[in-house]
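Chemist: First the structure, which I've put down as structure tokens, then a few questions once you've had a look.
The values are calculated or read from the model by the stated rules, or taken from the named source; none is laboratory data. Bear in mind the structure is a predicted one, so any value in this text is a computation, not a measurement. Cβ placement follows ideal geometry from the backbone for every residue including glycine, while neighbour counts extend to all protein chains displayed.
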Amino acid sequence: MSKLIASAAIRGAHKLVKQAEEMLEQTIRDKGESHTFEFPDTAFYLPMIYAMTGFPVKTLGDMRTALGYAKELLHPEPEENVWKPYLGEALDSGMATLFAEEIILALKYINGFEPVTDPETGYVYNGFITDTIQRNLGIQLVDGTMPGFAAVIGAAPDDDTAVNIVRELQEKNILIFLSGHVNGNSVTKQLLRKGVELGWDTRIVPLGPDTEHTLYALDWAVRASLIFGGKKPGDYKEHLKYQKDRVFAFAIVLGELDDIKWSTGAGAINMGFPAICDTDVPVIHPTGVCTYEEVDKELDHSKIVQKSIEVRGLKIIVEKPPIPVAYGPAFEGERIRKEDMFIEFGGQRTPAFEWVRMKELEEVEDGKVTIVGTDWQKKYEEGGRMPLGIVIDVAGRKMQKDFESVIERKVHHNINEAQGLWHMGQRDINWIRINHNAKKEGVTLEHLGIIQTTMMKHRFKSIVDKVQVTIYTDEKDVLEIREQARQAYKERDQRLGALTDEAVDTFYSCLLCQSFAPSHVCVITPERLGLCGAYNWLDGKAAYEIDPTGGNQPIEKGQLLDARYGRYSGVDEYLKKASGGAVETLNLYTIMENPMTSCGCFECIVAIVPEANGVMIVQRGHQGMTPVGMKFSTLAGSVGGGVQSPGFMGIGRNFITSRKFLYGDGGIKRIVWMTKNLKESLKEAFEERAKEEGVPDLLDKIADETIAEDSEKLLEFLSSVGHPALEMEPMI
Ligand code: SF4
Ligand code: ZN
């Protein structure tokens, strides 16, 4: 590391530690040492300090202690032009900087200055990134749809350059965090001026206007090793190694660097994240932690994204259909408001449907898109509304009838990932919109078909050899073929409904999350989907056909060792290997003994409520208290990391209405509390199951947050309604 930079980094650290100390002492004078603080929705206190030192900062007094750690890391401030420091000192200062910044931001929260609102535009920055968002994004991190993160710091030389850099990152599916400024100008402001949609939906997340706000991105990174990696707080070496090996982050620094940028950069380098600058900085070659350049430069803005990807060594494969608009998961979250809409199909406004059908190879002409309808061009050009039937014929040597639904579910993503196109729903309740911009760029009805022919073959490489699409636009045709489609949907559902754990010989594993939670394995059976909710048994089967060496492997069930608890010899054998010895045996149908482990991206958590002789279920994103005295975020902290924790379990939402849900513990009759959100969204299927269990009004007997948030009130309610769990055999 060059002398100059090391001096700047150390100077920056001193400034920030001093600033943190002054702010802290003032806040302690105002509010007292015992004033408590936590960042919004996190179970990890001040995450950087917690991960690195193991010290949970809960009060202002604790912050004083933590700031002491930062001071210990400081080295004497270099006098101007005198060379003393060397690499290690700069890196220590980097970590001291991160601690100080974390305390400064916490204090700003306490004093009501975070998240920041931009005074000129009224734009509210994201501020601290919650655990919920981190978990929501978990699957995308592991399945490759989000190959990395970029922290873009500062401001581009002009607004258009800012847009170009961000668009390029978006098209490569990289999550973008924005922070910092150059003389008051920033990429956030540049994008706002250009009308670019910001936020989690578009994967461009402005954290705050200062360099210090970059810490929120690092706080998010370090929580990955706590949440998914199961690394212990305080084991700083393990955390740093995990960050370097598994968190593909880098910084793009636009504009001149000051001391604070250098010291924050030294903190990021500590974590293994390189910085690529658009100014003439000295290049810093690999030293201790990294095998790549730690600081590099690229003065040409049209090459800076590519350079960053090369430096960090990201593998990026982007498949784009030949359409006149941008394409990629980053555009999936865009909404199309009524004013922006050029034309729409379905959504209860016109008849519509989408239907994937398996055909013989000779029946399909690959890549062919046919549009059937009178004057369809003219009707499309007029805009407004149109009926629409999309029939997608697929054929392949390894294609199976069962995969139709798996493939059909991708219609949604295929359309949504096109910029200016929007899709909701499925089957005969689908709804599609195209906005004015996309129309102006030249998107036609035909492109709806081209997207499907290209992307289905890409996504299902080894099971789909040929795809052809027929689009119907006359109401009469749409209604007629919709009836055929409905018949097919019905047959599929019946077949799926009859698919039980007993009826198959093979389960599937999902190992995708092992890139973040190395010992976690999801065992997916016909009656138990993966805990993230994104993969069911058919998905696992299809994925295995597509890529036999991929993340979904067949598990021969073997012998049934325990029918009540759902223990199989084949599953146990498989797990021992696949979990690296962390899990010896697994019971699929109970929470009490050797239950399934969790990685961290579960949709819901089931937890035992001993007083009530039952369990409660809370979904990710629920902010309130639960009857076990913990919020979702705290509960989640004790369930992840790939370890079995009896009494607690992460599950996919739809597992709740499976006949195998806690089958060994008494099934759904054990549910004593469940959030209103879950009660409402599962209502229909749940009532069906409740009838089967002989308690048709079970849902009304289950408490929710409007009835009780503590166990005392819960018990009162349960006895007043005569909840069946109270009469069941003791859980413990
Ligand atoms: Fe991760 Fe399990 Fe979902 Fe696979 S099924 S992505 S392992 S949570
Ligand atoms: Zn996961």
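Chemist: Assess whether K660 counts as being basic (K, R) and more than 14 Å from Y589 (Cβ to Cβ).
Modeler: Working: basic (K, R): yes; more than 14 Å from Y589 (Cβ to Cβ): no.
So K660 fails the test.
Chemist: Got at least one residue in segment 498-511 being within 16 Å of ligand 2 (Cβ to nearest atom), under 26 Å from I133 (Cβ atoms) and not charged (D, E, K, R)?
Modeler: So the first thing to find is which residues in segment 498-511 are within 16 Å of ligand 2 (Cβ to nearest atom), and the list is 508-511.
In the following step, the residues that additionally are under 26 Å from I133 (Cβ atoms) were identified as 510-511.
Of the ones still in play, those that are also not charged (D, E, K, R) are 510-511.
Checking segment 498-511: at least one residue is within 16 Å of ligand 2 (Cβ to nearest atom), under 26 Å from I133 (Cβ atoms) and not charged (D, E, K, R).
Chemist: Answer yes or no: is there a residue in segment 581-590 that is crowded, with 21+ Cβ neighbours inside 10 Å, within 25 Å of the chain's Cα centre (by Cα), within 16 Å of ligand 2 (Cβ to nearest atom) and touching a residue at least 40 places away in the same chain (Cβ under 8 Å). So that I can check it myself, show each step before the final result.
Modeler: At the first step, the residues of segment 581-590 found to be crowded, with 21+ Cβ neighbours inside 10 Å are 583, 586-590.
Cutting the leftovers down to within 25 Å of the chain's Cα centre (by Cα) gives us none.
Within segment 581-590, not a single residue is crowded, with 21+ Cβ neighbours inside 10 Å, within 25 Å of the chain's Cα centre (by Cα), within 16 Å of ligand 2 (Cβ to nearest atom) and touching a residue at least 40 places away in the same chain (Cβ under 8 Å).
Chemist: Another question, if that's okay. Please tell me if E339 is under 35 Å from the mean Cα position of the chain (by Cα), free of Cβ contacts under 8 Å to residues at least 60 places away in the same chain and either part of a loop (DSSP other than H, G, I, E, B) or closer than 12 Å to I434 by Cα (or both). I'd like the intermediate steps shown before the answer.
Modeler: On the way: under 35 Å from the mean Cα position of the chain (by Cα): yes; free of Cβ contacts under 8 Å to residues at least 60 places away in the same chain: yes; either part of a loop (DSSP other than H, G, I, E, B) or closer than 12 Å to I434 by Cα (or both): yes.
Spelling it out, E339 is indeed under 35 Å from the mean Cα position of the chain (by Cα), free of Cβ contacts under 8 Å to residues at least 60 places away in the same chain and either part of a loop (DSSP other than H, G, I, E, B) or closer than 12 Å to I434 by Cα (or both).
Chemist: Another question, then. Which numbered condition in (1) of a type in the set (S, T, Y); (2) within 21 Å of P115 (Cβ to Cβ); (3) assigned to a helix (DSSP H, G or I) is the only one that S7 fails?
Modeler: (2)
Chemist: More than 8 Å from ligand 1 (Cβ to nearest atom) and buried (at least 19 other Cβ atoms within 10 Å of the Cβ): is that true of P548 in this structure?
Modeler: Values: more than 8 Å from ligand 1 (Cβ to nearest atom): yes; buried (at least 19 other Cβ atoms within 10 Å of the Cβ): no.
When the stated conditions are applied, P548 does not pass them.
Chemist: Consider only pairs whose beta carbons are under 7 Å apart and that are at least six residues apart or on different chains; among these, list those whose first residue lies in segment 11-38 and is free of Cβ contacts under 8 Å to residues at least 60 places away in the same chain and whose second residue is assigned to a helix (DSSP H, G or I).
Modeler: As it stands, the answer is E21/L67; I28/L60; E33/L60; E33/G61; S34/G61, since those pairs meet every condition given.
Chemist: Given the conditions (1) closer than 25 Å to K669 by Cα; (2) touching a residue at least 40 places away in the same chain (Cβ under 8 Å), which single one is not true for G600?
Modeler: Going through the list (1) closer than 25 Å to K669 by Cα; (2) touching a residue at least 40 places away in the same chain (Cβ under 8 Å), G600 breaks only (1).
Chemist: Of A685, A690, which residue is without any contact (Cβ under 8 Å) to a residue 24 or more places away in the chain, more than 16 Å from ligand 1 (Cβ to nearest atom) and among the aliphatic types (A, V, I, L, M)?
Modeler: Values: A685 fails: without any contact (Cβ under 8 Å) to a residue 24 or more places away in the chain.
Only one candidate passes the filter, namely A690.
Chemist: So, one more: If I filter segment 148-192 down to residues being farther than 14 Å from I304 by Cα and of a type in the set (D, E), which single residue comes out as nearest to the chain's Cα centre (by Cα)?
Modeler: E171
Chemist: Given the criterion within 17 Å of C599 (Cα to Cα) and modelled with pLDDT of 90 or more, identify the matching residue among Y489, Y508. If you could, list the steps in order and put the result at the bottom.
Modeler: On the way: Y489 fails: within 17 Å of C599 (Cα to Cα).
Sole residue among the options that is within 17 Å of C599 (Cα to Cα) and modelled with pLDDT of 90 or more: Y508.
Chemist: Please count how many residues of segment 303-330 are among the acidic types (D, E) and outside any helix (DSSP H, G or I). Show your work before the answer.
Modeler: At the first step, the residues of segment 303-330 found to be among the acidic types (D, E) are 310, 319.
Filter once more, so that each one left must be outside any helix (DSSP H, G or I): 319.
Here the count works out to 1.
Chemist: Does segment 218-235 contain at least one residue that is more than 16 Å from ligand 2 (Cβ to nearest atom), assigned by TED's automatic domain parsing to the domain that holds D159, free of Cβ contacts under 8 Å to residues at least 40 places away in the same chain and surrounded by fewer than 17 Cβ atoms within 10 Å (Cβ to Cβ)?
Modeler: Among the residues of segment 218-235, not one is more than 16 Å from ligand 2 (Cβ to nearest atom), assigned by TED's automatic domain parsing to the domain that holds D159, free of Cβ contacts under 8 Å to residues at least 40 places away in the same chain and surrounded by fewer than 17 Cβ atoms within 10 Å (Cβ to Cβ), which makes the answer no.
Chemist: Now for a separate question. Please determine whether any residue of segment 260-271 is of a type in the set (S, T, Y) and surrounded by 23 or more Cβ atoms within 10 Å (Cβ to Cβ).
Modeler: Here is the first cut: in segment 260-271, the residues of a type in the set (S, T, Y) are 263-264.
Right, trim to surrounded by 23 or more Cβ atoms within 10 Å (Cβ to Cβ) and you get 263-264.
The answer is yes; a qualifying residue exists.
Chemist: I need a count of the residues in segment 175-206 that are among the polar types (S, T, N, Q) and assigned to a loop (DSSP other than H, G, I, E, B). It would help to see each step written out before you state the result.
Modeler: The initial filter retains those residues of segment 175-206 that are among the polar types (S, T, N, Q), namely 179, 183, 185-186, 188, 190, 202.
Keeping just the survivors that are assigned to a loop (DSSP other than H, G, I, E, B) gives 183, 186.
Total satisfying the criteria: 2.
Chemist: May I pose another question? May I ask you to list the residues in segment 241-259 that are surrounded by 21 or more Cβ atoms within 10 Å (Cβ to Cβ) and assigned to a helix (DSSP H, G or I)? Outline the logic, then answer.
Modeler: So the first thing to find is which residues in segment 241-259 are surrounded by 21 or more Cβ atoms within 10 Å (Cβ to Cβ), and the list is 242-243, 247-255, 257.
Correct list: Y242, Q243.
Chemist: So in segment 536-566, with the set limited to residues that are within 16 Å of ligand 2 (Cβ to nearest atom) and either modelled with pLDDT under 90 or outside the structural domain of L511 (by TED's automatic domain parsing) (or both), which one is nearest to L662 (Cα to Cα)?
Modeler: Only one residue tops the list, namely D539.
Chemist: Of the conditions (1) more than 16 Å from ligand 2 (Cβ to nearest atom); (2) under 18 Å from I227 (Cα atoms), E603 satisfies every one except a single condition; which number is it?
Modeler: Failing condition for E603: (1).
Chemist: Are any residues in segment 419-452 touching a Pro at 6+ places or on another chain (Cβ under 8 Å) and within 24 Å of A543 (Cα to Cα), and if so, which ones?
Modeler: Hits for segment 419-452 are I450, I451.
Chemist: Pairs only if they're at least six apart or on different chains, beta carbon under 8 angstrom, first in segment 378-391 and farther than 12 Å from V478 by Cβ, second buried (at least 22 other Cβ atoms within 10 Å of the Cβ) and among the aromatic types (F, W, Y); list them, first residue then second.
Modeler: Taking only residues 6 or more apart or on different chains, the pairs are R385/F345.
Chemist: Still on this structure: Taking segment 598-610 as the region of interest, how many residues are at pLDDT below 95 and either on the phi < 0 side of the Ramachandran plot or of a type in the set (V, I, T) (or both)? Explain how you work it out, then say what you get.
Modeler: If we filter segment 598-610 for residues that are at pLDDT below 95, which is where we start, we get 598-603.
Next, from what is left, pick out any that are either on the phi < 0 side of the Ramachandran plot or of a type in the set (V, I, T) (or both): 598-599, 601-603.
Residues in segment 598-610 being at pLDDT below 95 and either on the phi < 0 side of the Ramachandran plot or of a type in the set (V, I, T) (or both): 5 in total.
Chemist: Wholly within segment 359-452, which strands (runs of 3 or more DSSP E) include no fewer than the required count, namely at least 2 residues that are of a type in the set (A, V, I, L, M, F, W, C) and under 27 Å from the mean Cα position of the chain (by Cα)? If you could, list the steps in order and put the result at the bottom.
Modeler: Working: elements: 369-372, 384-386, 388-395, 421-424, 431-435.
Counting at least 2 such residues, we get 421-424, 431-435.
Chemist: State which residue pairs qualify: first residue in contact (Cβ under 8 Å) with a residue 24 or more places away in the chain and inside segment 508-532, second residue small (G, A, S) and within 7 Å of ligand 2 (Cβ to nearest atom) in any location, beta carbons under 7 Å apart, and separation of 6 or more residues or different chains.
Modeler: A517/G600; C532/G138
Chemist: Please enumerate the residues belonging to segment 593-608 that are more than 16 Å from ligand 1 (Cβ to nearest atom), touching a Leu at 6+ places or on another chain (Cβ under 7 Å) and assigned to a strand (DSSP E or B). Before you say what the answer is, go through the steps one by one.
Modeler: Going through segment 593-608, the residues more than 16 Å from ligand 1 (Cβ to nearest atom) turn out to be 593-594, 607-608.
Keeping just the survivors that are touching a Leu at 6+ places or on another chain (Cβ under 7 Å) gives 594, 607.
Of everything in segment 593-608, just one residue is more than 16 Å from ligand 1 (Cβ to nearest atom), touching a Leu at 6+ places or on another chain (Cβ under 7 Å) and assigned to a strand (DSSP E or B), namely A607.
Chemist: Being in contact with a Phe, Trp or Tyr (Cβ under 8 Å, 6 or more places away or on another chain) and outside the structural domain of G621 (by TED's automatic domain parsing) narrows it down to one of A155, A151, A90, so name that one.
Modeler: Working: A155 fails: in contact with a Phe, Trp or Tyr (Cβ under 8 Å, 6 or more places away or on another chain); A90 fails: in contact with a Phe, Trp or Tyr (Cβ under 8 Å, 6 or more places away or on another chain).
Result of the check over A155, A151, A90: A151.
Chemist: Taking G650, is it in a loop (DSSP other than H, G, I, E, B) and either assigned by TED's automatic domain parsing to the domain that holds D704 or modelled with pLDDT of 95 or more (or both)?
Modeler: Values: in a loop (DSSP other than H, G, I, E, B): no; either assigned by TED's automatic domain parsing to the domain that holds D704 or modelled with pLDDT of 95 or more (or both): yes.
No.
Chemist: What number of residues within segment 478-534 are out of contact with any strand residue (DSSP E or B) (no Cβ under 7 Å at 6 or more places or on another chain), within 16 Å of ligand 1 (Cβ to nearest atom) and within 30 Å of V391 (Cβ to Cβ)?
Modeler: 4
Chemist: Select, from L191, L169, L137, L198, the only residue that is within 16 Å of ligand 1 (Cβ to nearest atom) and either more than 24 Å from L226 (Cα to Cα) or free of Cβ contacts under 8 Å to residues at least 60 places away in the same chain (or both).
Modeler: On the way: L191 fails: within 16 Å of ligand 1 (Cβ to nearest atom); L169 fails: within 16 Å of ligand 1 (Cβ to nearest atom); L198 fails: within 16 Å of ligand 1 (Cβ to nearest atom).
Testing whether each residue is within 16 Å of ligand 1 (Cβ to nearest atom) and either more than 24 Å from L226 (Cα to Cα) or free of Cβ contacts under 8 Å to residues at least 60 places away in the same chain (or both) leaves just L137.
Chemist: Something else now. Please work out which one of (1) in contact with a Ser or Thr (Cβ under 9 Å, 6 or more places away or on another chain); (2) more than 10 Å from ligand 1 (Cβ to nearest atom) is the condition Y568 fails and give its number.
Modeler: Only one criterion in (1) in contact with a Ser or Thr (Cβ under 9 Å, 6 or more places away or on another chain); (2) more than 10 Å from ligand 1 (Cβ to nearest atom) is unmet by Y568, namely (1).
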